[in-house]
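What follows is a single structure, written as structure tokens, with notes after it.
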Amino acid sequence: MKITRQKHAKKHLGFFRNNFGVREPYQILLDGTFCQAALRGRIQLREQLPRYLMGETQLCTTRCVLKELETLGKDLYGAKLIAQKCQVRNCPHFKNAVSGSDCLLSMVEEGNPHHYFVATQDQNLSMKVKKKPGVPLMFIIQNTMVLDKPSSKTTHTQDLKDVTDSVSYENGRSRKSAAATSNGVDNKNKGQLTKHPLAQRAVERRGHEAKIKMEMEQVLEIKAKGGVQNLEDSEAELPQHHGQNEERLEAQHKEGEGKWPWFEEERLIGKLSNVSLEQQNSLGTLAKNREKGTIFSTLLTSSYL
Ligand SMILES: [Zn+2]
């Protein structure tokens, strides 16, 4: 067994394992032609198949294949013996048997859910198997088993699946990302696992839009809050304005009488002739401050009006 052949088998098997869920034990569906070729090539399937595929294998066939071999007579007696040692998998033709090729084809319908390999020398069956995605195909050439490379149908289906997965994955991811951004959570790993550049850009654009929207909402929220605060401030200032207006009116009233309030205090200081100089100064300062304060207050009030 050449190493390159096994390398190819490993590579192809890896593709089916990674993309179509093919797992050990590998289920190899044999037809009469494959059994016949194995017999002629003196290939010990039970020994050589697991070695070639580097994993546990199960040799399987169907009732239809066995029935076909029986009807073909003694020329295929050896092949029939090989097939009879295989595990028989249930096919849907338990009432009316069909040809081996039709039967095996029906076993890999609808996406090959049981992950069967089809092993045949029948060119017609091989062509039909290749048109179904995700079905590993085996044949014998020059007395050697070969796992065929994944068919173009298989690889094309996988390419489409990759793109679809990528888009649906990114759609889901962008929804999550937008939700996370809206909640104020910074998604630092955004786009790291992105496969498709177009999907990547779409995600970035959506993320950017979400960010802008979030920032706008924050600004609006702040404005709304600020507006309320301004109103509250204005309301707090209203009584103050009112008080200042009262003071101003009172001052104007007293001014009209030609009598500022601090005159009374100075007069009072003069009356208190027996108080100490220090106390007089203190009272004088109080009067001066009162004067300044009133003028300042009046100026402030004027500036408000
Ligand atoms: Zn059948």
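Just so you know, all these numbers are worked out from the coordinates, no wet-lab data involved. As the structure is a computational prediction, the values presented were derived from the model and not from experiment. Positions of Cβ are generated from backbone atoms using ideal geometry, with glycine treated the same way; all protein chains shown enter the neighbour counts.
Condition check: crowded, with 21+ Cβ neighbours inside 10 Å and of a type outside the set (S, T, N, Q). Does F139 satisfy that? Reasoning before the result, please.
Working: crowded, with 21+ Cβ neighbours inside 10 Å: no; of a type outside the set (S, T, N, Q): yes.
For F139, the condition - crowded, with 21+ Cβ neighbours inside 10 Å and of a type outside the set (S, T, N, Q) - is not met.
Of the residues that make up segment 147-165, is at least one within 15 Å of the ligand (Cβ to nearest atom), under 22 Å from H8 (Cβ atoms), within 39 Å of the chain's Cα centre (by Cα) and crowded, with 22+ Cβ neighbours inside 10 Å?
No, segment 147-165 has no match at all.
Being crowded, with 18+ Cβ neighbours inside 10 Å and either assigned to a helix (DSSP H, G or I) or among the β-branched types (V, I, T) (or both) is the filter here, so list the residues in segment 99-117 that pass it. Working first, answer last.
Step one: of segment 99-117, the residues crowded, with 18+ Cβ neighbours inside 10 Å are 100-101, 103-105, 107-108, 112, 115-117.
Hits for segment 99-117 are G100, S101, C103, L104, L105, M107, V108.
So for segment 49-72 (the condition being in contact (Cβ under 8 Å) with a residue 60 or more places away in the chain and in contact with a Gly (Cβ under 9 Å, 6 or more places away or on another chain)), does at least one residue qualify?
No, that holds for no residue.
Of (1) farther than 20 Å from I140 by Cα; (2) away from the ligand (no atom under 14 Å from the Cβ), S99 satisfies all except one. Which?
Against the list (1) farther than 20 Å from I140 by Cα; (2) away from the ligand (no atom under 14 Å from the Cβ), S99 comes up short only on (2).
Hey, could you check segment 27-36 for residues that are closer than 12 Å to K80 by Cα and of a type outside the set (D, E, K, R) and say which is surrounded by the fewest Cβ atoms within 10 Å (Cβ to Cβ)? I'd like the intermediate steps shown before the answer.
Taking segment 27-36 as the starting set, the residues that turn out to be closer than 12 Å to K80 by Cα are 30-36.
Imposing the further condition that a residue be of a type outside the set (D, E, K, R) reduces the set to 30, 32-36.
Details: L30: 26, G32: 25, T33: 23, F34: 30, C35: 28, Q36: 21.
Going through the qualifying residues, I end up with Q36.
So, restricting to helices (runs of 4 or more DSSP H) that lie completely within segment 38-94, which ones have at least 2 residues that are within 25 Å of D148 (Cα to Cα) and more than 10 Å from the ligand (Cβ to nearest atom)?
Fully inside segment 38-94 and qualifying: 45-53, 77-84.
Might you check whether a residue that is among the charged types (D, E, K, R), more than 11 Å from L30 (Cβ to Cβ) and surrounded by 16 or more Cβ atoms within 10 Å (Cβ to Cβ) occurs anywhere in segment 82-94?
no
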